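The values are calculated or read from the model by the stated rules, or taken from the named source; none is laboratory data. Fair warning: this is a prediction, and the values are worked out from it, not measured in the lab. Virtual Cβ from ideal backbone geometry, glycine too; neighbours counted across all protein chains shown. Remember, those area values only see protein heavy atoms, side chains included, never the ligands or the DNA or RNA. Shrake-Rupley method; radii C 1.70, N 1.55, O 1.52, S 1.80 Å.
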Amino acid sequence: MRPSSVLDAVLDRSLVLGYSKIGPALRRRWWPADPPAGALAGQRVVVTGATSGIGEAMARSFLDLGATVHLLGRNPEKVARYAAELRRDVPTAEVVEEVCDVGDLDAVRAWCADLSERVEAVHGLVHNAGVMTKQREESAQGHELGLAAHVLGPHLMNELLLPLLGEGAGTVVFMSSGGMYSAGLRTEPDEIEYRESEYDGVRAYARTKRMQVVLADAWSRRLRGGRVRVVSMHPGWADTPGVTDALPGFGKLVGPILRDAAGGADTAVWLVATRPASALEEDHQFWHDRARRPTTYPVQRRLDPTDEGRFLAYVSHSTDTSAAW
Ligand SMILES: NC(=O)c1ccc[n+]([C@@H]2O[C@H](COP(=O)([O-])OP(=O)(O)OC[C@H]3O[C@@H](n4cnc5c(N)ncnc54)[C@H](OP(=O)(O)O)[C@@H]3O)[C@@H](O)[C@H]2O)c1
């Protein structure tokens, strides 16, 4: 094992060093090269949750590489405001405004049908939209809000955009969280929907972020050998409204060492722009700072295929999509 790999693993396991701005500052010395200038010229990339934090920064990085960026948010005013800002800052920017609540399955169906009428190919789709609520809330279809926005909506989007993604040799990225390590996969419907015990927002968030990682791996296996790749990643700890507003105590504690939002977005941009081939055949596609990371640590219980099957069946059933995993 190379010394850089050992140091990288130490950074990862220490959390504070790897997740903060120290991680990329050190890893930059050995991590894979940046995408070349213009790497995404002529390509379309969709970023969800593009009206704040990591999504905003990511949109800018994709534009810098020449992509046409579809900025997707649920608030039309915010989408219009940020699109105008980008067009002002980057005169050559090709920005398309998209409005959709990714946790509303009817809205996702309608938006995917609309996009499919307008474009022929999508090269990147980043499921970046994220929420953490203090109380248990439900989506339009009666699903726990985080489950709907992080898991069910993105899954349905994958299904419905598959023809466009195939045409564009697309990469789909689920933006998970390092917080997912604290949660195992839930398999009972009442647990998946967080109805079985008193609701805890941080725990609920971690559960759905774990689900994203399991779902991305399942998609990756399903599509292996085809033109579309599906991966998940975590951004580390980035200075965004998502952290400073939703977790003010945590934000204050680690504030000085938070990485900037672009540092949180970096791996998603790199994955879409470079489509690294090296790890394509691996079972787990969970990335951080341009390297694959374990999905469980040695002390944790490994994913049981029966549990996984039950979870995937719930996702397919809830979204009325193919159960052929
Ligand atoms: N920042 C970190 O350190 C960190 C760490 C781990 C994981 N993450 C993950 O990284 C992603 C981005 O986080 P962030 O820190 O940049 O958060 P953020 O500043 O709160 O931004 C979240 C974005 O998601 C949008 N969004 C939420 N629900 C949506 C829905 N149903 N439909 C469409 N858009 C929706 C928000 O739109 P509105 O403005 O309309 O609410 C906002 O644009 C999230 O998935 C988060 O879980 C972040």
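Points to keep in mind about this one:
- Kirkwood-based shape ratio for the range 6-55, expressed as Rg/Rh from alpha carbons: 1.11
- Computed from point charges on the beta carbon alone (+1 for Lys and Arg, -1 for Asp and Glu), the dipole magnitude for the range 102-179 about its Cα centre is near 260 Debye.
- With a Förster radius of 41 Å applied to the beta-carbon distance between VAL202 and ALA169, the computed FRET efficiency rounds to 0.65.
- On the beta carbon distance between ALA41 and ARG221, with R0 = 41 Å, the FRET formula returns roughly 0.85.
- Each DSSP beta bridge with both residues in the chain is either parallel or antiparallel, and the antiparallel ones are about 10%.
- What the range 40-110 shows is 42 Å² of accessible area per residue, with the surface traced by a 1.4 Å probe over protein heavy atoms.
- Restraint check, LYS134/LYS209; LYS78/LYS209; LYS21/LYS252, Cα-Cα greater than 22 Å: LYS78/LYS209
- Within the accessible surface of the range 230-321, defined with a 1.4 Å probe on protein heavy atoms only, the carbon and sulfur portion equals 56 percent.
- Multiplying each eigenvalue of the alpha-carbon gyration tensor of the range 38-319 by 5 and taking the square root yields semi-axes of 26, 21, 20 Å, largest first, rounded to whole angstroms.
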